[in-house]
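Input: a single structure, listed below in structure tokens.
The values are calculated or read from the model by the stated rules, or taken from the named source; none is laboratory data. All values derive from a computational prediction rather than experimental measurement. Don't worry about glycine lacking a Cβ; one is built from the backbone with ideal geometry, like all the others, and counts go over all protein chains shown.
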Amino acid sequence: MNHESFLLDLVTSLPEINGAFIFTPQTGILSQHIDDSIQNFDSLAIGKKLTVIAGKASDHFNDITHLQVNFDNIILSGRLLPEQKWLFLLHTPELSSGMIRMTLQLALNNSAHESDSPATHPEPQAKKIAAAVPPVSKEIIPVDIDVLMSPGAPLAKQLNALQDELANCIGPAAMPVFHDVLTAWCQENTPGLDTLKHLIPLLNKEIDDSEDVKIFNNNIKDLFPQE
């Protein structure tokens, strides 16, 4: 993961987010992007203290994977990512818990894609010995569909319009079908306008009539920015 560009995209995705940083207890700050409006914020010291608190709390409760600290006019929310990385968000109280979950979900999806695609290195030209490797089942990351489609969410307009157009083609079954397809899409893509086009072929497969497929695609073409 390119931590710097990822955090920049994360911070600029919602106006209520004032900063973000990725921290590990072993390495410290991996990357951070903090708004200039937040003065004298010691992310290293705070990251150390909060992860120590989470570790001690885990001795008495289940594993602690979420943290939240309130300041005077800012809130610090944290979530444990794979490989013991903590993502901390600095945001205003106006940011709803649902939008926080969705934003952190994007981080989890991004992290999952990174672990699914490790860097490869050229192998020496030697005889390879085949080894039986047990298949590894891919982790299914839970997706909060209601948050993705709630009023004010970045893709709410497009996703609700797609669901309505699907209903015009396949009827009352459209809602559960759309939610299943949307969940599958989120496992492979970070939700955004640039990846929304990858959702369309998945929806087309759910429409049996070829004429309805043409109508569906014609009705949704205005949802996408012109390239």
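Phe23 passes every criterion in (1) surrounded by 12 or more Cβ atoms within 10 Å (Cβ to Cβ); (2) modelled with pLDDT under 85; (3) not charged (D, E, K, R) apart from (2).
Restricting attention to the range 198-221, does a residue exist that is part of a loop (DSSP other than H, G, I, E, B), hydrophobic (A, V, I, L, M, F, W, C) and modelled with pLDDT under 90? Give the derivation first.
Taking the range 198-221 as the starting set, the residues that turn out to be part of a loop (DSSP other than H, G, I, E, B) are 205-209.
Right, trim to hydrophobic (A, V, I, L, M, F, W, C) and you get 207.
Subset that is modelled with pLDDT under 90: none.
No: the range 198-221 contains no residue that is part of a loop (DSSP other than H, G, I, E, B), hydrophobic (A, V, I, L, M, F, W, C) and modelled with pLDDT under 90.
Ala54 fulfils the conditions (1) in a helix (DSSP H, G or I); (2) out of contact with any Leu (no Cβ under 9 Å at 6 or more places or on another chain) except for a single criterion, (2).
Got a number for residues in the range 183-195 being in contact with a helix residue (DSSP H, G or I) (Cβ under 6 Å, 6 or more places away or on another chain) and in a helix (DSSP H, G or I)?
From the range 183-195, those in contact with a helix residue (DSSP H, G or I) (Cβ under 6 Å, 6 or more places away or on another chain) are 185, 189-190; that's our starting set.
If we keep only those that are in a helix (DSSP H, G or I) too, we end up with 185.
Residues that pass the stated criteria total 1.
Kindly check whether there is at least one residue in the range 5-14 that is more than 15 Å from the chain's Cα centre (by Cα), surrounded by fewer than 17 Cβ atoms within 10 Å (Cβ to Cβ) and not aromatic (Phe, Trp, Tyr).
Scanning the range 5-14, I find no residue that is more than 15 Å from the chain's Cα centre (by Cα), surrounded by fewer than 17 Cβ atoms within 10 Å (Cβ to Cβ) and not aromatic (Phe, Trp, Tyr), so the answer is no.
Taking first residues from the range 170-193 that are touching a residue at least 60 places away in the same chain (Cβ under 8 Å) and within 30 Å of Asp9 (Cβ to Cβ) and partners that are among the hydroxyl-bearing types (Ser, Thr, Tyr) and assigned to a loop (DSSP other than H, G, I, E, B), the Cβ contacts under 8 Å between residues at least 6 apart in sequence or on separate chains come to Asn189/Thr195.
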